[in-house]
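A.B. asks: Supplied in structure tokens, the structure appears directly below.
Just so you know, all these numbers are worked out from the coordinates, no wet-lab data involved. Because the structure is predicted, anything quoted here is derived from the model rather than measured. Using ideal geometry, Cβ is built from the backbone for each residue, glycine included, and neighbour counts are taken over all protein chains shown.
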């Protein structure tokens, strides 16, 4: 499933208060941990995020302490004792078998030693697959059988929605729309390679006017640099969003088209500017580019709770309304 579909499924587990443990599978850098954090935040839940591969058995089980001539286990302070939240066991299959055995008690029995997970807390876990070349151990069958299993795949549309909401640089988004195959491309021979996680880091490097190579590798940086040369030669986008783009043509070069479309969707924030950009695209561009622009501004509207603004733009402009309607009918017929 896509990251958006995973988030929707996890949100429904919360809404229905399903206590069954959930296991998230997917390649490194796809955003499994971020999705869990978003679900917790949106549902006003606490989140305890444990990287099991970095813990020792005593870190999770606790330490034995002599009390009244007997040994008792003192649980670690990071395990929840009250309230409502998600206990997230990340990198569970990278943990050694001894630690997985303790985690198994938490999942199967909701307790370990003298510690018991309080009511209102969900137990979720995540891990990488063997085919991702991660250093993982086999998950014991009894443990695996107690989980709901969700496998998440890389998908650009979900990343685009998240990236627009999280202010990923417009040039990186335009580049990845042009080269979606580079959103996630593991390279075992190199320490730096592109993934949704590393593109987030690359965006920060790009904002700081630094090389992207430490995040995504030299080869990908070279392709990005070549794309930016094209991006810097796009027509005056400010003229378009101000309503003065009648004489500006829509390039025939695919990379320039991506640059223009994403550039307009980032710059067109106010109602009038969104309308001007849409009208220019309706005059100059093919439907696929208009659809891409609409997707982008809708993603931003969802993130900023301004869907009403977009609805008003559509209602006030018959031409835009007709296009949206025909696009909707095309989707329903597909």
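A.B. asks: Does segment 165-219 come out rounded, prolate or oblate, given a ≥ b ≥ c as the square roots of the eigenvalues of its C-alpha gyration tensor, rounded meaning a/c under 1.5 and, failing that, prolate meaning a/b above b/c?
C.D. replies: Oblate, since a/c reaches 1.5 and b/c is not below a/b.
A.B. asks: Continuing with this model, one more query. Can you give me the angle between helix 3-15 and the longest principal axis of the chain, using Cα atoms only, in degrees from 0 to 90, rounded to the nearest 10?
C.D. replies: Tilt of helix 3-15: around 50 degrees.
A.B. asks: Sequence gap at least 6, Cα distance under 8 Å: using those rules, report the relative contact order of segment 66-163 to the nearest whole percent.
C.D. replies: 32
A.B. asks: Please give the length that would be gained between residue 151 and residue 322 if that part of the chain were fully extended, namely 0.36 nm times their separation in residues minus their C-alpha to C-alpha distance (nm, one decimal).
C.D. replies: 57.7 nm
A.B. asks: Determine the relative contact order of segment 156-333: mean sequence separation of Cα pairs under 8 Å and six or more apart, normalised by residue count, in whole percent.
C.D. replies: 20
A.B. asks: Over the chain, what relative contact order in percent results from Cα pairs under 8 Å that are six or more residues apart?
C.D. replies: Relative CO of the chain lands at 16 percent.
A.B. asks: On C-alpha positions alone, give me the angle between the axis of helix 156-165 and the longest principal axis of the chain, in degrees, nearest 10.
C.D. replies: The angle comes out near 90 degrees.
A.B. asks: Moving to a separate point now. Could you work out how much longer the chain between residue 82 and residue 218 gets when fully extended? Use 0.36 nm per residue separation minus the Cα distance between them, nm to one decimal.
C.D. replies: 44.2 nm
A.B. asks: Need one number: % antiparallel among DSSP beta bridges in segment 3-151, to the nearest 5.
C.D. replies: Counting DSSP beta bridges with both partners in segment 3-151, the antiparallel share is about 25 percent.
A.B. asks: For the Cα atoms of the chain, what angle does the longest principal axis make with the long axis of helix 196-207, in degrees from 0 to 90, nearest 10?
C.D. replies: That works out to roughly 60 degrees.
A.B. asks: Could you tell me the largest-minus-smallest coordinate of the C-alpha atoms of the chain on each of the three principal axes, in descending order and whole angstroms?
C.D. replies: 89, 45, 36 Å, listed from the longest principal axis down.
A.B. asks: Further, regarding this structure: Could you estimate the translational diffusion coefficient of segment 1-88 from the Stokes-Einstein equation, with Rh from the Kirkwood formula over C-alpha pairs, at 10 °C and 1.306 mPa s, in whole µm²/s?
C.D. replies: Approximately 105 µm²/s, per Stokes-Einstein.
A.B. asks: How many angstrom separate the Cα center of segment 1-53 from the Cα center of segment 131-203?
C.D. replies: The distance from the Cα centre of segment 1-53 to that of segment 131-203 comes to 15 Å.
A.B. asks: How big is the C-alpha Rg of segment 204-318 next to the rule-of-thumb value 2.2 N^0.38 Å, as a ratio?
C.D. replies: Here the Cα radius of gyration is 1.18 times the empirical estimate.
A.B. asks: Please work out how much length the chain gains when fully extended from residue 189 to residue 302, using 0.36 nm per residue of separation minus the C-alpha to C-alpha distance, in nm with one decimal.
C.D. replies: That works out to 36.7 nm of additional length.
A.B. asks: From the square roots a ≥ b ≥ c of the eigenvalues of the alpha-carbon gyration tensor of segment 3-151, which class results: rounded (a/c under 1.5), prolate (a/b over b/c), or oblate?
C.D. replies: oblate
A.B. asks: Note down the nm distance, to one decimal, between modelled labels 7 Å out along Cα→Cβ at residue 288 and at residue 270.
C.D. replies: Simple spin-label model gives 3.4 nm for this pair.
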